[in-house]
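Contents: one structure, followed by commentary.
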Amino acid sequence: QVQLVESGGGLVQAGGSLRLSCAAFGGTYSINAIGWYRQAPGKQRELVANISSGGNINYADSVKGRFTISRDNAKNTVYLQMNSLKPEDTAVYYCHALRRFSDYDLDYWGQGTQVTVSS
């Protein structure tokens, strides 16, 4: 079992920066990929960025060049550095971890942290 604890959300002005953290507890050795989704009111949840155990990274097109995902394996922590924030980035951001087995997957979600970007 994996527990995900998020921090770092808040209110910032457009053009500002914010750093989100996600600490994983439990069977962290079994995590195949970890990253961030976000969901704004009235919109579908979307992938923001994730990183695999092998170091492969994916970004949503809307955040490429502005957001950077990184990890500290010693601390079992993943970070999302968000720069040049826009009002369109306003959403609840959820940490997500994937455990992939031979014939099924398990998904784990953090509690969510609110990011609000004012204009």
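The values are calculated or read from the model by the stated rules, or taken from the named source; none is laboratory data. Here the structure is a predicted model, which is why all the values come from computation and not from measurement. FYI the Cβ positions are ideal-geometry reconstructions off the backbone, even for glycines, and counts take in every protein chain you see. Remember, those area values only see protein heavy atoms, side chains included, never the ligands or the DNA or RNA. Shrake-Rupley method; radii C 1.70, N 1.55, O 1.52, S 1.80 Å.
Checking the structure you have, find out if any residue of segment 14-33 is open to solvent by 60 Å² or more (accessible area, probe 1.4 Å), within 22 Å of Ser119 (Cα to Cα) and part of a strand (DSSP E or B). Looking through segment 14-33, at least one residue is open to solvent by 60 Å² or more (accessible area, probe 1.4 Å), within 22 Å of Ser119 (Cα to Cα) and part of a strand (DSSP E or B). Beta carbons closer than 8 Å, at least 6 apart along the sequence or on distinct chains, pair a first residue in segment 27-53 that is free of Cβ contacts under 8 Å to residues at least 60 places away in the same chain with a second that is in a loop (DSSP other than H, G, I, E, B) and polar (S, T, N, Q) for Thr28/Asn76; Ala40/Thr90; Ser52/Asn32; Ser53/Asn32. Of the residues in segment 77-91, not one is among the charged types (D, E, K, R) and touching a helix residue (DSSP H, G or I) at 6+ places or on another chain (Cβ under 9 Å). Could you say whether any residue in segment 38-59 is open to solvent by less than 40 Å² (accessible area, probe 1.4 Å) and among the aromatic types (Phe, Trp, Tyr)? No: segment 38-59 contains no residue that is open to solvent by less than 40 Å² (accessible area, probe 1.4 Å) and among the aromatic types (Phe, Trp, Tyr). Just one residue in the set Lys64, Lys86 is open to solvent by 60 Å² or more (accessible area, probe 1.4 Å) and either under 24 Å from Val2 (Cβ atoms) or more than 15 Å from the chain's Cα centre (by Cα) (or both); that residue is Lys86.
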